[in-house]
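Remarks on the structure that follows.
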Amino acid sequence: MDYSYDFVVGQRIRTAREACGLTQEQLAARLQTCGCDVTRSALAKMEVGQRHIYAIELRALRQILNVPYETLLP
């Protein structure tokens, strides 16, 4: 399976997270308050394309990072 798309999405999440001045731990905590069971470790795997991202997590990321979907999705 080709994970290159997952890697690109993960890099975009990392870039948006860093632009907001959030650590992985802080973003994971905010995702958890939105009902997403995402640990810091899971977020780190998302950012390097080793874990798939569920639609509800993508929606929460968009809201928390205050970016349009187009910023996160190539």
| What nm distance separates the two modelled labels at T15 and Y3, each placed 7 Å from Cα along Cα→Cβ? | 2.1 nm
| query | Shape of the range 2-72 from its Cα gyration tensor (a ≥ b ≥ c, root eigenvalues): rounded if a/c is under 1.5, otherwise prolate when a/b > b/c, or oblate? | reply | rounded
| Computed lengthening from Q26 to Q63, 0.36 nm per intervening residue step minus Cα-Cα distance | 11.9 nm
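When the accessible area of the range 1-73 is computed with all protein chains present and a 1.4 Å probe, what percentage of it is carbon and sulfur? Let's see the in-between values first.
Numbers: 2290 of 4420 Å².
It is 52 percent, rounded to a whole number.
The values are calculated or read from the model by the stated rules, or taken from the named source; none is laboratory data. Predicted model only: the values in this text are computed from it and were never measured. FYI the Cβ positions are ideal-geometry reconstructions off the backbone, even for glycines, and counts take in every protein chain you see. Each accessible area value is taken on the protein alone, full model and side chains, heavy atoms only, with ligands, DNA and RNA left out. Shrake-Rupley method; radii C 1.70, N 1.55, O 1.52, S 1.80 Å.
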